[in-house]
Structures are given as C-alpha cells and as structure tokens.
Amino acid sequence: MASGSDGYPRLTSGSSPAALGRCRPTLTSALLVGAVLIGSAALTGCAGQEQSGPPPARVASWLSGAGGGAAIGTVEADSRNVDLALSQHDTPSAVRTVCALLTSDAQTAIGNLPTPDSRLTDDLNNAYEEASSAGDDCYRGSTGNAGLLRRSAAERKKLPLLLATAVDRIVAITGHTPSTSTTGAANAGGDPFGG
C-alpha cells in the first residue's frame, strides 16, 4: 500500500489483498458511525405529542394514539357481559369465553400504559389489574367453583369506581371527558373526546 503526500495510506493497483483487508475495518467503522448518527438524528424527531407539550395535549395525544378511552369502554362492556352470561346461566364454555375476553382486553389495555401522567397511569393500571383478576377468577370458577365466582363478582363490582377515578383524572388534566365508545365512529378524526 502506498502513502500519499498527506501521510495517509492510498490504495494502488499493486496493493496486496492483505493491505486491502486492513482498510475495510476503517471503512466499516466509518459507515457504522455514520449510520448511528443518522439513526439518532432521525429518532430525535420521533418524539410525539405524548412526550412533549403541555399535560393536556400530551394526555389527549396518548388517548388518541393508544385508544385509551375505547380501552376503558371495552373493559366496562366486557365486565357487563360477564355479569349477563352468569345471570342467564350460560354454559360454562360461554362463561369462560366472556371471562377470557375480559382478561385479554384488560391485559391489552395494560400494554398501552404508561400514560404521560403517572397518577393516571396508576389509576388505569389499578382498574385493569382488577379487571384481569376478575376475568381470571371467573374463568377458573366457571365450572362451578362458587368461591372463585364470588371473588370475580367482587372484583367486577370495584371496576366502575376504579375506571371512573381514571376518567376523572383525564377530565382534571384535559378539561374534557373522554369518549369511552368502543366503536370507531366515536373517534372519527382522532378526537378522543368526540362521540
């Protein structure tokens, strides 16, 4: 490998393969550093409204992006469906189905946390954990375990107050009541307070 007038190595047609191999790590390193810098710059621009701006805007953005209001409405509806299935003495398999749905939807809602507000996150997490437990106890009790069904009923009885506490926190932050509709029409245009 020949050296240029600036002292840096230059490749020539007579450079050996071994000499060429020594240049590759430098080129690879430079490309890697460049890719990291470009990637970092691109990610810096990814902070959405839920990470920046005033609290009302951050919470409203989270509600729209995570479907926060619809998640609350879904858990409420699932809990009512469990009550209905049990009151109608549906078959154990039908009861297990609605119980499993309550657990699944509560776990999905937990996956949308955290919110931009730590107290709201805690309020929603408490409600969704209770809903998940209610669904699990109902599922396991659906074959006739009265103790588990009673525990599930007690857990479901807590849900309206727990969810109302979270909605009240949203209102305190944003000044608006979120739509808890489970249909797409309620969130037309991305307004989490529409409906």
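The values are calculated or read from the model by the stated rules, or taken from the named source; none is laboratory data. For clarity, every value in this text was computed on a predicted model and none was experimentally measured. Note that we place each Cβ from the backbone using ideal geometry, even for glycine, and neighbour counts take in every protein chain shown.
Here are the numbers for the structure shown:
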{"read-out": "One residue from G68, G135, G144 being over 22 Å from T180 (Cα atoms) and not charged (D, E, K, R)", "value": "G144"}
{"read-out": "Residue match in the range 24-46 (condition: more than 22 Å from E130 (Cα to Cα), at pLDDT below 95 and not in a helix (DSSP H, G or I))", "value": "yes"}
{"read-out": "Residue selected from the range 131-155 under the condition surrounded by fewer than 15 Cβ atoms within 10 Å (Cβ to Cβ) and among the aliphatic types (A, V, I, L, M), by the criterion farthest from the chain's Cα centre (by Cα)", "value": "A146"}
{"read-out": "Search result, residues across the range 156-178 that are part of a helix (DSSP H, G or I), buried (at least 16 other Cβ atoms within 10 Å of the Cβ) and within 22 Å of the chain's Cα centre (by Cα)", "value": "L159, L162, L163, T165, A166, V167, R169, I170, I173, T174"}
{"read-out": "First in the range 117-133 and at pLDDT 95 or above, second anywhere and surrounded by fewer than 18 Cβ atoms within 10 Å (Cβ to Cβ) and polar (S, T, N, Q), Cβ under 6 Å, 6 or more apart", "value": "D123/T165; S132/Q107"}
{"read-out": "Counted residues, the range 86-130 - those being of a type in the set (G, A, S), closer than 19 Å to L148 by Cβ and surrounded by 15 or more Cβ atoms within 10 Å (Cβ to Cβ)", "value": "2"}
